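Enquirer: Below you'll find the structure I mean.
The values are calculated or read from the model by the stated rules, or taken from the named source; none is laboratory data. None of the values given here were measured: they were computed from a predicted structure. Cβ sites come from the backbone with ideal geometry, for glycine too, and all protein chains shown count toward neighbours. All accessible areas refer to the heavy atoms of the entire protein, side chains included, with ligands and DNA or RNA removed. Shrake-Rupley method; radii C 1.70, N 1.55, O 1.52, S 1.80 Å.
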Amino acid sequence: MLYYLFIWLHKEFNIPGTGVFQYISFRTSMSVILSLIITTVYGSRLIRFLRAKQVGETVRNLGLEGQMQKQGTPTMGGIIILLGILVPTLLFARLENIYIILMLITTVWMGVIGFVDDYIKVFKKDKEGLAGRFKIMGQVGLALIIGWTMYFHPAIVVRQQVALPTTNTAPLEVHQRGNQYYFTQNVKSTKTNIPFYKNNEFDYAKVLKFLGKGYEKYALLVFLVFVIVIITAVSNGANITDGIDGLATGTSAIMGITLAILAYVSGNTVIADYLNIMYIPNSGELVIFAGAFVGACVGFLWYNSFPAQVFMGDTGSLAIGGIIAAFAIMIRKELLVPILCGIFLVENLSVIIQVSYFKYTKKKYGEGRRVFLMSPLHHHYQKKGYHESKIVTRFWIVGIILAVITIVTLKLR
């Protein structure tokens, strides 16, 4: 909203300084600063409010050191994360941008699902919270909205090299590489980025190439399947990772910074051309959203670091996971998620392996056996005697390494 006000002031009255609002870098900086202010300044007020309302975490005794000391710690702190994301985005981003609209929908949608889950746990005294099938339905519903919009919305295009003559009505651009000239156009495409592959591009339509002529018309089904799996896996991974103080918040901030970099290079025609990666028109606006996201995570970490004064609850963790997944899909880097979100992936796999192996051995030997001392993986290390802070710090370091690898893949063919 402030974007439109200051651009209007600049055009109508040419007031010095108002023109800076046209720059993504300035608005991103303002978004980060405001998000930090909201989460740190108003975070303490939210904590006091939650304590007054006795919105405390109910802790099951799992035999972990220091675990029962967290009994009664305020939960549902994810509300402040949501505000730290939504308010700066609404103020500094271009709200007509389809990518921003989809990210706002994702934030509110997943935040509501998480809030309902926390509300049932806290106020209805039901430890199970919202039934798993309803969470999955919500995640799948969001995935269908995002996938369908990405596939059909006319403003969601990519710039690709085309051969003449072309039937597309979009304006042609002429480029020179050495002594060779080539043409590019903004076109609807089912392509996405993938590491370690020729041109780093993968076409969803070609998954069904074995069907023969006309396989392209089924590309939407393949794309929707990928979107559903990614959004469901990443949001649940973030939810599982949120098990010890600062773990999910810190790793999410690292992922957010990485996504901001990827969005910036993908939305900048000069940098995208230099890196020889897919240019996505208008996606640069997502950097402002990413700035708010990172600011909210870092600001919340002020209170969520060990020993935590507040927990984000499912209100925050489901929203964070959904945001990361949706953002990656928007900038067509969703196939980099297994690398970037490696922490979430390993946490998810540790639970799946533990449960599957326990059921298998119980059926075969009459006694369930375990691969890990406890799952998710961070609890395994707690059982081994590592302090929470050491586990969190080492997971952050791994997250940084994975983030660097993710960025490096842009130039690996």
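Enquirer: Using alpha carbons only, how many degrees (0 to 90, rounded to 10) separate the axis of helix 342-365 from the longest principal axis of the chain?
Expert: 50
Enquirer: In Å, the Kirkwood hydrodynamic radius of segment 314-355 over pairs of distinct alpha carbons?
Expert: The Cα-based Kirkwood calculation yields 11.1 Å.
Enquirer: Counting just the Cα atoms, what span does the chain cover along each of its three principal axes? Round to the nearest Å and put the largest first.
Expert: Answer, in whole Å and largest first: 68, 63, 35 Å.
Enquirer: Give me log10 I(q)/I(0) at q = 0.18, 0.20 Å⁻¹ for segment 287-408, Debye formula, one equal scatterer per alpha-carbon, no solvent.
Expert: -1.16, -1.31
Enquirer: If you don't mind, there's one more thing I want to ask. What range in the chain is the longest one free of GluC sites (Glu not before Pro) that are in a loop by DSSP and have at most 12 other Cβ atoms within 10 angstrom?
Expert: Details: sites that count: E65, E96, E128, E367.
Result, exposed sites excluded: 129-366.
Enquirer: Also, I was wondering about something else. Longer than 26 Å from Cα to Cα, which of K127/K383; K362/K384; K206/K333; K124/K362; K333/K383; K121/K384 are they? Say none if no pair is.
Expert: Check vs 26 Å cut-off fails for K124/K362; K333/K383; K121/K384.
Enquirer: Follow-up. With a 1.4 Å probe and all protein chains kept in place, how do Y279, Y99 rank by accessible area, largest first?
Expert: Solvent-accessible surface, decreasing: Y279, Y99.
Enquirer: Give me the extension gain from R394 to T269: residue separation times 0.36 nm, minus the current Cα-Cα distance, reported in nm with one decimal.
Expert: 41.3 nm
Enquirer: Apply 1/(1 + (r/R0)^6) to the Cβ-Cβ distance of V404 and I352, taking R0 = 25 Å, and write down the FRET efficiency to the nearest 0.05.
Expert: Once the sixth-power term is evaluated, E becomes 0.40.
Enquirer: A further question follows. How much length would be gained if the chain were fully extended between K11 and H153, taking 0.36 nm per residue of separation minus their Cα-Cα distance, in nm to one decimal?
Expert: 48.1 nm
Enquirer: Okay, moving on. What distance in nm separates the simple spin-label points at Q54 and F26, each placed 7 Å from Cα in the Cβ direction?
Expert: Those two pseudo-labels are separated by 5.2 nm.
Enquirer: If you line up the long axis of helix 313-330 against the longest principal axis of the chain, both from Cα atoms, how many degrees apart are they, to the nearest 10?
Expert: For helix 313-330, the angle is close to 20 degrees.
Enquirer: As a check on your grasp of the helix formula, calculate [θ] at 222 nm for the chain: sum -39500 (n - 2.57) over DSSP H runs of n ≥ 4, divide by the residue count, round to the nearest 500.
Expert: So the helix-based figure for the chain works out to -20000 deg cm²/dmol.
Enquirer: Using all C-alpha to C-alpha distances in segment 238-304, build P(r) with 10 Å bins and read off the rounded percent in each one.
Expert: Bin by bin from 0 Å, the calculated values are 23, 39, 24, 13, 1.
Enquirer: Once you have the Cα-Cα distance between I101 and Y386, take 0.36 nm times their residue separation minus that, and quote the gain in nm to one decimal.
Expert: 98.3 nm
Enquirer: Tell me, what is the per residue accessible area of segment 295-413 in Å², probe radius 1.4 Å? Each step should come with its number before you reach the end.
Expert: Working: 5350 Å² over 119 residues.
With all protein chains present, segment 295-413 gives 45 Å² per residue.
Enquirer: For the pair K364/N276, report the inter-label distance in nm, with labels modelled 7 Å from Cα in the Cβ direction.
Expert: 4.8
Enquirer: Something else about it: Could you name the lysines whose alpha carbon sits less than 21 Å from that of K209, not counting residues in the same chain fewer than 8 places away?
Expert: Leaving aside lysines fewer than 8 places away in the same chain, those within reach of K209 are K188, K191, K198, K217.
Enquirer: State the percentage of accessible surface on the chain attributable to carbon and sulfur atoms; use a 1.4 Å probe and exclude ligands, DNA and RNA.
Expert: Carbon-and-sulfur percentage of accessible area, whole number: 63.
Enquirer: Exactly which trypsin sites (Lys or Arg not before Pro) in segment 318-385 are in a DSSP loop and have at most 12 other Cβ atoms within 10 Å?
Expert: Hits after loop and neighbour filter: R369, K384.
Enquirer: Mind listing which chymotrypsin sites (Phe, Trp or Tyr not before Pro) in segment 20-56 are in a DSSP loop and have 13 or fewer other Cβ atoms within 10 Å? Kindly include the intermediate steps, with their values, before the conclusion.
Expert: Working: sites: F21, Y23, F26, Y42, F49; in loops: Y23.
Qualifying residues, ordered by number: Y23.
Enquirer: Hey, rough spin-label estimate for M137 and F196, points 7 angstrom out along Cα→Cβ, what's it come to in nanometres?
Expert: The two pseudo-label positions are separated by 4.0 nm.
Enquirer: Top to bottom by accessible area (1.4 Å), largest first, where do H387, H380, H10 land?
Expert: H387, H10, H380
Enquirer: About its Cα centre, how strong a charge dipole does the chain have in debye, to the nearest 20, once Lys and Arg get +1 and Asp and Glu get -1 at the Cβ?
Expert: With only Lys, Arg, Asp and Glu charged at Cβ, the dipole is about 1080 debye.
Enquirer: Among the aspartates and glutamates, select those whose C-alpha is under 15 Å from the C-alpha of K359, and discard any that sit fewer than 8 residues away in the same chain.
Expert: E367
Enquirer: Same structure, new question: Could you work out how far helix 286-304 tilts from the main Cα principal axis of the chain, as a 0 to 90 degree angle to the nearest 10?
Expert: Its long axis makes an angle of about 20 degrees.
Enquirer: Let me ask another. For V112 and Y181, what is the calculated FRET efficiency with R₀ set at 35 Å and r taken between the beta-carbons, to the nearest 0.05?
Expert: 0.10
Enquirer: Next question, about the same structure. Between E201 and residues 5 or more places away or on another chain, which pairs have amide H atoms under 5 Å apart, with H built 1.01 Å from N, and which residues are they?
Expert: I194
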